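Quick notes on the structure that follows.
All of the numbers you see were taken from the coordinates with simple rules; none came from a lab. Keep in mind the model is a prediction, meaning the values are calculated, not measured. Cβ placement follows ideal geometry from the backbone for every residue including glycine, while neighbour counts extend to all protein chains displayed.
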Amino acid sequence: MEWVYLAFPGFLLARGIFRPRYVHGPEEPAVAGMNRLRAGVSLVTGLVLWAVYGSLGPVDAFVRMIVMFTFCGAAVVPLYLLLVAVMVLVSRDRRETWSRMWHGPVTSMLLLGVLLGGAYLVTKAGFTPDNASRQNPLVALVMFYVGIQLALAAFTIPYYAWVHGYRAIDGSPLLRPLVMPLFAWTAVVVDRLYGNWEDTGVPDTLALVTSVGGAVVVTLLAVAEYRIAARYHGIGFRSAPPPPLVPADGNATS
């Protein structure tokens, strides 16, 4: 399978950084289902709005969605780190809790900055499709390959960052339901401040209702997930250390 590492390093790099590496024992089926439902609600809502009202082409709409998800994922980082700090400070075992947070969500968020910075430097160096078309064939091929890997990473990061909350479950099984409302309401604020729905064909009132309604649904699902996860693992907000870590299988954290 070595060819996979050569063909899709952008995807594999992003997946390795943002996909959880461990779970705290077998994940409760209802919690796993809620996590998938939360991601599905966001995706289906966006697709329905585009299909009914969208005036953008599918590629433009998809790229716009990826850019917005990435921006919101970066904007939520300060609030996320504040939540992590609170969980560490109130924990009955601060050292162990911090160790879990550092090796999970904190490292994942720090590497997001490294990836975005690296992508910016690559584009500033001229590795763009427009520049590639003006180069000799060999240089153009290299630039095209690098561009494809950047695109794969850009499409992969929002999925794993939003679905798994920067490997939140590696820090604590209660962290993911706590951070998901932060993601959802940050998206609402960003959408209201910077979103321009006039050029998409979606009525502004409908865009507001769906974004706020989606955030409310995500929040309600997160509350239910928190209660189920706390009961399933027998822990609370101040519990420490969390349950023992075991390697995550593909079904639990895909």
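Structure data summary
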item: For E96, E225, order by how many other beta-carbon atoms lie within 10 Å, fewest first; result: E96, E225
item: HN-Hα J in Hz across region 154-168 - Karplus 6.51, -1.76, 1.60, θ = phi - 60°, x for Gly and Pro; result: 5, 7, 7, 4, x, 4, 6, 5, 7, 5, 10, x, 6, 6, 4
item: Additional length obtainable on full extension of the chain from E96 to R192, 0.36 nm per residue less Cα span; result: 30.6 nm
item: Computed label-point distance, nm, for sites A74 and V216 using a 7 Å Cα→Cβ extension; result: 3.2
item: Residues whose placed amide H lies under 5 Å from that of F8, excluding near-sequence neighbours; result: none
item: Potential extension, V209-V142 segment - 0.36 nm per residue separation minus Cα distance; result: 19.6 nm
item: Fewest-first ranking of M65, M180, M101, using other Cβ atoms within 10 Å as the exposure measure; result: M65, M101, M180
